[in-house]
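These notes are about the structure you will find just below.
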2 protein chains.
Amino acid sequence: MQDYPRDMTECERGRRRVVIEGVRPEIDGGRFSIKRATGEKVIVEADIFADGHDSLSCVLKYRREGNEGWHEIPMRSLVNDRWRAEFTVDELGRYLYTLEAWVDHFKSWRQDLVKRIEAGQDVSVELLAGAALVEEAGARAGGADAKQLERWAGALRSKQQDLPHRISRALDEELAKLMDKYPDRRLASTYAKELAVAVDREKSRFSAWYEMFPRSCATAPGKHGTFKDCERRLPYIASMGFDVLYLPPIHPIGRTHRRGKNNIVGAGPEDPGSPWAIGSYEGGHKSIHPQLGTMNDFKKLIAKAAEYGIEIALDIAFQCSPDHPYVKEHPEWFHRRPDGTIQYAENPPKKYQDIYPINFETDHWPDLWNELESVFLFWIKQGIRIFRVDNPHTKPFVFWEKVISEIKKNYPDVIFLSEAFTRPKVMYRLAKLGFTQSYTYFAWRNTKWELTQYFTELTQTDVRDYFRPHLWPNTPDILTAYLQSGGRPAFMTRLVLAATLGASYGIYGPAYELYENRPIEGGSEEYLNSEKYEIKHWDLDRPDSLKELIGRVNRIRRENSALQGDWSLRFHDVDNDQIICYSKHSENSANILLMVVNLDPYHVQAGWTALSMDALGLDPHRPYQVHDLLTDARYQWQGARNFVQLDPKIVPAHIFSVRQ
Amino acid sequence: MQDYPRDMTECERGRRRVVIEGVRPEIDGGRFSIKRATGEKVIVEADIFADGHDSLSCVLKYRREGNEGWHEIPMRSLVNDRWRAEFTVDELGRYLYTLEAWVDHFKSWRQDLVKRIEAGQDVSVELLAGAALVEEAGARAGGADAKQLERWAGALRSKQQDLPHRISRALDEELAKLMDKYPDRRLASTYAKELAVAVDREKSRFSAWYEMFPRSCATAPGKHGTFKDCERRLPYIASMGFDVLYLPPIHPIGRTHRRGKNNIVGAGPEDPGSPWAIGSYEGGHKSIHPQLGTMNDFKKLIAKAAEYGIEIALDIAFQCSPDHPYVKEHPEWFHRRPDGTIQYAENPPKKYQDIYPINFETDHWPDLWNELESVFLFWIKQGIRIFRVDNPHTKPFVFWEKVISEIKKNYPDVIFLSEAFTRPKVMYRLAKLGFTQSYTYFAWRNTKWELTQYFTELTQTDVRDYFRPHLWPNTPDILTAYLQSGGRPAFMTRLVLAATLGASYGIYGPAYELYENRPIEGGSEEYLNSEKYEIKHWDLDRPDSLKELIGRVNRIRRENSALQGDWSLRFHDVDNDQIICYSKHSENSANILLMVVNLDPYHVQAGWTALSMDALGLDPHRPYQVHDLLTDARYQWQGARNFVQLDPKIVPAHIFSVRQ
């Protein structure tokens, strides 16, 4: 491998003296693109240097993929041979960037000239050398600039003028600027790689999701909810401030080996089954469960939701019930056991006879891949642009890389959320290969140390260039021990943490706002009487509902751009392990929020902060105001050390707006 | 860029489920080779994982470059999807390594079978599935193994045998071993890169250099020393235990603009000039300064030195005096100023009229490169295998990369030491592109904090894979402030630090052993009456010479393999900032040395150690003996906390051999 372009002749190569290395951002040597949302910056840094002591010029080059011609941004030198420049991505799709640098003989000459003059040396020969460089630039320039450079070269040489005059002409800033326009780049070094940026819409960075089972939305208890019922639920969801409504699979549900309430083997005739047991004689992944309504009803729901500023997200789970049409039509896509039966899902010793996993090792994989890709395309045609992908880590990485990149070529606005709760490197790989957002370990990070470690990794390391965290305090599968035991205060705490640590977060409701926390027996994270296996009827008007707190938090998120991104996150010390304190600020630092959260759902906790005034951009010698956007209380603070006290029974958190 | 081989058909690609990433060691994405000495290990780690929960098998593959066929080493799984294996490089030259991994269906099957049996499930169908896998392996095997696998498949299926018997056959370790020999690797993933190891001889890691001006070796004061005089000096050098004798340039010295004593402009007729002003009518880089002797004398010196176990290293400085034959024969290799004169060396406002730098940007660079490469080849033919390269950072990187790699193809035993005292990234780049060893910032790292930071970077980070530090407490150009002010104790301290922190180190003598420390006026690091510009006569028998201490330290290095490498270096705390404490151990930990050095050349310093018993491999509950190899004193120590006290006037350091 070489770091010069391969088509360069041997002859040119030997004189390209500049080295470009240590480029950032660059994921796995350029194998994967970095991610940005429209309007965001790409700040590029690199180590750029040459032999000797000559001055260099370096440019960052970028273009939208498919467009001809690079835009160039001059890079500025930091310290220790590090250079930096940035560009903003405005359009959806993909951008490319790379670097170019060259030894700048005019800059070197000018810099040396200053030193010689300061040392009182005779510079008449040097002026002639400079004139030659200016003349060469003139030959490159053409037009009016060419003439001007020629005149300038003449002035540097002129025997009519005295030396001081010629020197002042040589050091004229105007000349330096003009010379900068016509550098000699014949021996420039180009970085060997063109690195890619995947540009998504803003929602990829900032959104609040609400997960809800449509079948539990009926107005009367015991009835199977419909998309029409979902429409009626929209004002409620909008009042809490969510902008994505995510529905578990809406397809026909299998009958064979259907699970009953609480996941028992053998369902009764009234049991509705799990929506993830996809497919029946009524259809598969491109069909709608008849009890929910028609395709037309679904489209109406999409349109109605849009009126409330809410987008519908679908769940795509590539697995089949034994009744799925694929099983008959494409038995070759499933693994057959030696006894002739089709292999059901297993995690030995557990068996899931109601689910057939797809065999991605089948010889017929190209057909299979095409069909699965067509499932996304089908729903995209119905108007869906957000997919939550179920268990992507049990399907081959290459499959996702191909499907996502092909879909995004035509639909760059599509968002794919990876629901992979698995080992860290697998989760990161899925993000690298194209998933727009990713579920995280947030649900199981409860202590101050855990949260600080994890969110520092997610927001302050290279991970942030490809992995966009999506935070869920609960899901239909995950009722954590913290929520089980901590009751209503725990739900408040985790809501505030999710909504302020993560610009993207979601809750599974109404279980969340009604702080449903009864687990099934046996210490698992499964809900008792889980909505996955039965229809629920939720009392949304319960006076203890958290819906108002949630609405307030989401309003704060919308009104404070500090909470609309993750990269500004900084943790601050507090002398109490039960209190966590962190800040976020907007890009221009006009909006600064400081969160203080009591992690103990049982007791009042108090402590003294040790704020990093520097990270907050505050003058440590002047007082400042902190305004709690949750309670509207205002305090006058001074310096790093301030007293905080939080009662989990009332509100376990401050979300302070900070102003000096 | 893709991480699967490019010749793989689309059809095969889709089913290769294993990902290999995060490979270490790998320098700049595989752009450069790592370095090892013969007999050293290459420990390779990688993140290897697939979708789902199948078991994987992974192998590390390596071969000597040029040899057909890979050796394969099974990798073992660590934690968090990390895998590791290692191989040893035995021969000089280059090795390649890469990785391959695959989903191992038999391993997965076997692992699941155990879980099913533990859960009391009926496994009769699973046994049939296992039999099919065994049968397939048999088809791959051929010969006796094929027959045995066929029999085994039969046993798993056999209806004559009861289930428990068939299960015990299925889980037989013998079967697992046999199956391991014939894995199904059709869908294996191969790491896309073949990474390289440059294997040098042991001296690249462990050597003690002595730099000496041959012209100062005459027996009588005022006489110009010769190679014959150098021969007479060999027993002295050998008695101090050095194994490399490095000579500044031995070529004819220019007369034009020759510098006089203390680098003054305008030499007198008796001034010998700087050996770095290379070339006169008597010859250039392939000639010998006549006053030193003939080529035959030089070869005799090489042979005589070898008898003392000493190898001669030459200084290669690519620059010319105005009298160098190149200037007349190849004026196109030099930069011409507008007034027609040739550009002399400058670092404005400083001028060096006695030196012409070579213009590497010349259009005639291919000829130039060939000529310069031929300089190395010329001296290699005379028997030289070690080159100290002067200021490589002022010549293009690509030049060095090409020259070094071409020379090492035919002469893999050649050692190139990079004398680049410049910015860190430039120094590291020179090491990456091929220099065997590199000068370091050691001379200017004096405090405990500085030494700890710097040597942790050099020995405990990825830097160590390509940058081999060579430590010099002084050189003819560098008389540090510490040595200037600290006198004899400072020279003792810096000697012990260099010789124990660095497996490779060197001194410029006899200035060093005679602790010559008078600087020229003006606060610089130049010696007063520098040997660079005049012939010196040293009194080697001065009773205060450090030669005996140096001899002792070098003997300790030879007798203790702990000091023959740098990677085991660990720092230990001492509650006194003037005392530094660190340990090194041999690969098998049989040899453990603990260094305690007083950095204060003026005062007795004492303190309490806080040793990491773990790093030393010591049982904290049992006493151990520390034996000072410098003074022969022995102490009984216990635990981490022990008292140390060092008088710089006597011996400012302990070099303890540790035994429990």
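What about B:Ser108, is it of a type in the set (Gly, Ala, Ser) and farther than 20 Å from B:His165 by Cβ? Yes. For A:Ala481, the conditions (1) touching a residue at least 60 places away in the same chain (Cβ under 8 Å); (2) among the small types (Gly, Ala, Ser); (3) farther than 20 Å from A:Ser586 by Cα are fulfilled apart from (1). Cβ separations smaller than 9 Å between residues 6+ apart or across chains give the following pairs from region A:210-237 residues that are farther than 15 Å from A:Ile302 by Cα to residues that are aliphatic (A, V, I, L, M) and part of a helix (DSSP H, G or I): A:Arg215/A:Leu292; A:His224/A:Leu292; A:Gly225/A:Leu292. Checking region A:515-524 against the condition returns no match, with no residue being among the aromatic types (Phe, Trp, Tyr) and either more than 30 Å from A:Glu270 (Cα to Cα) or touching a strand residue (DSSP E or B) at 6+ places or on another chain (Cβ under 7 Å) (or both).
Please work out if B:Thr88 is touching a helix residue (DSSP H, G or I) at 6+ places or on another chain (Cβ under 7 Å), over 30 Å from A:Asp390 (Cβ atoms) and among the polar types (S, T, N, Q).
Against the criterion (touching a helix residue (DSSP H, G or I) at 6+ places or on another chain (Cβ under 7 Å), over 30 Å from A:Asp390 (Cβ atoms) and among the polar types (S, T, N, Q)), B:Thr88 does not qualify.
The condition of being part of a loop (DSSP other than H, G, I, E, B), surrounded by fewer than 17 Cβ atoms within 10 Å (Cβ to Cβ) and of a type outside the set (D, E, K, R) holds for only one of B:Gly222, B:Gly241, that being B:Gly222.
The rows are residues; the columns are (1) in contact with a strand residue (DSSP E or B) (Cβ under 8 Å, 6 or more places away or on another chain); (2) modelled with pLDDT under 95.
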site	(1), (2)
B:Arg94	yes, no
B:Arg110	no, no
B:Val114	no, no
B:Ala119	no, yes
B:Val125	no, yes
B:Gly142	no, yes
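Within region A:64-104, which residues are among the acidic types (Asp, Glu) and within 20 Å of the chain's Cα centre (by Cα)? The answer is A:Glu86, A:Asp90, A:Glu91. Does region B:510-527 hold any residues that are in contact with a helix residue (DSSP H, G or I) (Cβ under 7 Å, 6 or more places away or on another chain) and either hydroxyl-bearing (Ser, Thr, Tyr) or outside any strand (DSSP E or B) (or both), and which are they? Residues satisfying the conditions are B:Tyr512, B:Glu513, B:Tyr515, B:Asn517, B:Ile520.
Which of the residues belonging to region B:37-52 are within 14 Å of chain A (Cβ to nearest Cβ) and not in a loop (DSSP other than H, G, I, E, B)?
B:Glu45, B:Ala46, B:Asp47, B:Ile48, B:Phe49, B:Ala50
Among the candidates A:Thr88, A:Thr98, single out the residue that is without any contact (Cβ under 8 Å) to a residue 60 or more places away in the chain, of a type in the set (S, T, N, Q) and either within 14 Å of another protein chain (Cβ to nearest Cβ) or surrounded by fewer than 20 Cβ atoms within 10 Å (Cβ to Cβ) (or both). Answer to the selection: A:Thr88. Would you confirm whether or not region B:589-597 contains a residue that is at pLDDT below 95 and either assigned to a helix (DSSP H, G or I) or closer than 27 Å to B:Phe206 by Cα (or both)? Yes: region B:589-597 contains one or more residues that are at pLDDT below 95 and either assigned to a helix (DSSP H, G or I) or closer than 27 Å to B:Phe206 by Cα (or both).
Residue-wise test of (1) surrounded by fewer than 23 Cβ atoms within 10 Å (Cβ to Cβ); (2) more than 29 Å from A:Ile312 (Cβ to Cβ); (3) not aromatic (Phe, Trp, Tyr).
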residue: A:Asp462; (1), (2), (3): yes, yes, yes
residue: A:Pro469; (1), (2), (3): no, no, yes
residue: A:Asn474; (1), (2), (3): no, no, yes
residue: A:Tyr482; (1), (2), (3): yes, yes, no
residue: A:Leu497; (1), (2), (3): no, no, yes
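Here region A:317-331 is the region considered, the condition is being of a type outside the set (Ser, Thr, Tyr) and assigned to a loop (DSSP other than H, G, I, E, B), and the residue that is nearest to the other protein chains (Cβ to nearest Cβ) is A:Phe318. Restricting attention to region A:332-350, the residues that are within 8 Å of chain B (Cβ to nearest Cβ) and not in a loop (DSSP other than H, G, I, E, B) total 2. Taking each residue of region A:107-125 that is under 17 Å from B:Gln343 (Cα atoms) and more than 7 Å from chain B (Cβ to nearest Cβ) and looking for partners that are part of a helix (DSSP H, G or I) and basic (Lys, Arg) with beta-carbon atoms closer than 6 Å, six or more apart or interchain, yields A:Val123/A:Arg116.
Among the residues of region A:372-415, those that are surrounded by fewer than 17 Cβ atoms within 10 Å (Cβ to Cβ) and under 24 Å from A:Ala345 (Cα atoms) comprise A:Glu373, A:Ser374.
From the list B:Arg337, B:Arg255, the one residue that fits, being modelled with pLDDT under 95, surrounded by fewer than 19 Cβ atoms within 10 Å (Cβ to Cβ) and either closer than 30 Å to B:Asp541 by Cα or not aliphatic (A, V, I, L, M) (or both), is B:Arg337. Criterion first (more than 28 Å from B:Ile310 (Cα to Cα), at pLDDT 95 or above, part of a loop (DSSP other than H, G, I, E, B) and out of contact with any strand residue (DSSP E or B) (no Cβ under 9 Å at 6 or more places or on another chain)) does B:Pro620 satisfy it? It is false that B:Pro620 is more than 28 Å from B:Ile310 (Cα to Cα), at pLDDT 95 or above, part of a loop (DSSP other than H, G, I, E, B) and out of contact with any strand residue (DSSP E or B) (no Cβ under 9 Å at 6 or more places or on another chain). Of all residues in region B:456-478, those that are under 22 Å from A:Gly22 (Cα atoms) and in contact (Cβ under 8 Å) with a residue 24 or more places away in the chain total 12.
Counting just the residues of region B:605-639 that are among the hydrophobic types (A, V, I, L, M, F, W, C), more than 18 Å from B:Ser561 (Cα to Cα) and without any contact (Cβ under 8 Å) to a residue 40 or more places away in the chain, which one comes out surrounded by the most Cβ atoms within 10 Å (Cβ to Cβ)? Of everything passing the filter in region B:605-639, B:Leu611 is surrounded by the most Cβ atoms within 10 Å (Cβ to Cβ).
Taking the conditions (1) outside any helix (DSSP H, G or I); (2) away from chain A (no Cβ under 14 Å); (3) hydrophobic (A, V, I, L, M, F, W, C) in turn, B:Leu495 satisfies each one other than (1). Selection of region A:170-194 for residues being buried (at least 19 other Cβ atoms within 10 Å of the Cβ), part of a loop (DSSP other than H, G, I, E, B) and away from chain B (no Cβ under 14 Å) yields only A:Tyr182.
So, B:Ile355, is that one β-branched (Val, Ile, Thr), surrounded by 14 or more Cβ atoms within 10 Å (Cβ to Cβ) and under 30 Å from A:Asp122 (Cα atoms) or not? Considered against the rule, which asks whether it is β-branched (Val, Ile, Thr), surrounded by 14 or more Cβ atoms within 10 Å (Cβ to Cβ) and under 30 Å from A:Asp122 (Cα atoms), B:Ile355 comes out as yes. In the set (1) surrounded by fewer than 13 Cβ atoms within 10 Å (Cβ to Cβ); (2) of a type in the set (D, E, K, R); (3) modelled with pLDDT of 95 or more; (4) out of contact with any Lys or Arg (no Cβ under 9 Å at 6 or more places or on another chain), A:Glu521 fails one condition alone, (3). May I ask you to verify whether A:Tyr308 is crowded, with 16+ Cβ neighbours inside 10 Å and more than 25 Å from A:Lys532 (Cα to Cα)? Criteria met by A:Tyr308.
Criterion first (β-branched (Val, Ile, Thr), within 13 Å of another protein chain (Cβ to nearest Cβ), surrounded by 20 or more Cβ atoms within 10 Å (Cβ to Cβ) and within 30 Å of B:Arg169 (Cα to Cα)) does B:Val103 satisfy it? In short, yes.
The values are calculated or read from the model by the stated rules, or taken from the named source; none is laboratory data. Bear in mind that the values here come from a model prediction, so they are computed numbers and not experimental data. Positions of Cβ are generated from backbone atoms using ideal geometry, with glycine treated the same way; all protein chains shown enter the neighbour counts.
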